[in-house]
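What follows is a short report on a single structure.
The values are calculated or read from the model by the stated rules, or taken from the named source; none is laboratory data. This structure is a prediction, so every number in the text was calculated from the model and none was measured. As a convention, Cβ positions derive from the backbone with ideal geometry for all residues, glycine included, and neighbour counts pool all protein chains shown.
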């Protein structure tokens, strides 16, 4: 063993002890499974509280990895890592988390699987003694272990960083041997996928490609689709949410539109996020009170230095005055709606019980137990009146919720219990291997057969037993009572702004009402949920539920694209890059330009601000449009040549005056833009531009493309008719030649890209007609 390897392991042991992790965790040597009590929860160790825990629960590779290694090496291999590799595996996890300062997910989602493949491929060979053949075999196994070949690219990176870069490997550099086997067709195919992905990533970081179209947007695919954005705005500001969870999601989207937060920053907003300052005016009698300054306190991502100081770093974003009403009303609405959930979460933390208002030995009716465990308010066969549902969903107020509760309490006197209650406790009995949760009024076991009638009896449930069942059988519904660390102290569930009932799928699926005052499961919003609601596969779920047409129901938006959009709009409005970078919690201005997707015309204006301001004040609408086309090099012609000559000789002001006078004559036709001026005389060949007129220039207007396509189709039909019915008339050949010539011109126009003349070698039809006179 090398001293570098020994030191790496010793440092790992120190890090494990410092963060409360047991280094010598026991495991099954045959399966690699670690006992649950000894699992490493990397998120908890780092102070990062997440619903999806990042765990090390086994020292074995998965079946696909073992099969891939066997396929490459041609031998049966154990899926469990050897002790030396287990030590290296644990030390790498700790160094990645606490030295490199990366997230727990980086190890569990990226490094872990690739490192397991390398370990089982190496077998008894320890990390320092790795050879080129082992690395090559592991790389090829990683290539075929997953369709995306992501594990292979990660394997190459971890060898370069953790074995070559740290000096642990004796025969370094080893990363150079991460190459596909020429005889393995599948490995070669997966290698091509890696190359394609790398090429795409490199291309996205290159300088801007040349853009010939003034309206061309830089990396437009990173901006939200306009129709989808308009539909999202309509939904979250106009539609009525059908469920409590959708109410929270609507307001999340409103804040996202107003701030451009990262999704993680949005869902982690604290309940005290709103900051309102009343500045004192210098002379209140003269100027009156100043407008309040409104800011949003949030936890900024990507702020932690290496070594992980704190998990959550507080930051402030100012809210523009135009958006203050939206932001303030959104925050106040969410705080009011989630107040019952917040109170319950606080009580759960204080008592350690899921039902803090009840004693563990207390007996409650099975209908109340059903509501507290599932959240469902309807416990009888008597349906909740639609009027009560509508009253509650109008404002999601607890007063209306109490009216529904009273309705069901009255219905219990005259109606039977809903079959769903009976079915629920039947499933509980199955989960408990035949042991019923139900008790009689004395606390004895209450056995209820499948079709047995109650006959006036009322089953009860002991609170402590119900809570024990929930903790064992429903772990994904448990409220997250772990505390997150921040630079201002501990952050609990009750300190979050966006709360909703956990896994309340019955709201949307069965039009159910959830009792948010009694349902034990309180959860905070997650990034995965919002991404799925706005941009899920096949369309965002909010669009599917609230869209008015099939097209609208198919929309989807990447939430992060709204950050790109706001960044671009701020640049378009002339906001300084330093201000934009500060708004989005960036450490320098470079990243703000990565998010800049302005059109070419806007970039040109930024490069010549004085000329842009003069054009804005002097030019009329048509002249301004012509100026943009000229400046982008999209049109040429006599007027353009004269404009450019005046601009060179007499300056911008004289050139703009000329363009104002001539621009009225420059005009758009149904088939493109005409460069000639008809101020003196009209064109008698008007609308025959496609007959090889040198003044015709295509634009990017959709209507223009449609007009040319329709015209081409009509000419084709006309020519086909002439050919199917030939004639000996003297004008037949002339008519056919005329139609074919026009069709060729139309097709040439269709094939031409916007910008350059369609017929650069053509003639001026206007000039020819003038000479004919």
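Miscellaneous remarks
- Scan of the stretch 312-352 for residues that are under 17 Å from residue 295 (Cβ atoms) and in a strand (DSSP E or B), ordered by number: 313, 314, 315, 316, 317, 318
- Among the residues listed as 117, 168, the single one being part of a loop (DSSP other than H, G, I, E, B) and surrounded by 19 or more Cβ atoms within 10 Å (Cβ to Cβ): 168
- Residue in the stretch 224-236 that is in contact with a helix residue (DSSP H, G or I) (Cβ under 7 Å, 6 or more places away or on another chain), at pLDDT 90 or above, assigned to a loop (DSSP other than H, G, I, E, B) and over 30 Å from residue 392 (Cβ atoms) present: yes
- The requirement of being modelled with pLDDT under 90, under 24 Å from residue 312 (Cα atoms), in the same structural domain as residue 168 (by TED's automatic domain parsing) and part of a loop (DSSP other than H, G, I, E, B) is satisfied by residue 102.
- Taking the stretch 490-506 as the range and being under 22 Å from residue 373 (Cα atoms) and within 24 Å of the chain's Cα centre (by Cα) as the test, the residues that pass are 493, 498, 499, 500, 501, 502, 503, 504, 505.
- When residue 721 is tested against (1) exposed (fewer than 14 other Cβ atoms within 10 Å of the Cβ); (2) assigned to a loop (DSSP other than H, G, I, E, B), only condition (2) is not met.
- Total residues in the stretch 495-508, condition free of Cβ contacts under 8 Å to residues at least 40 places away in the same chain and in contact with a strand residue (DSSP E or B) (Cβ under 6 Å, 6 or more places away or on another chain): 1
- Any chance residue 134 is crowded, with 16+ Cβ neighbours inside 10 Å and within 25 Å of the chain's Cα centre (by Cα): no
- Pairs where the first residue, in the stretch 444-473, is in the same structural domain as residue 374 (by TED's automatic domain parsing) and farther than 13 Å from residue 421 by Cα and the second is modelled with pLDDT of 80 or more and in a helix (DSSP H, G or I), C-beta under 6 Å, 6+ apart: 466/369; 473/431
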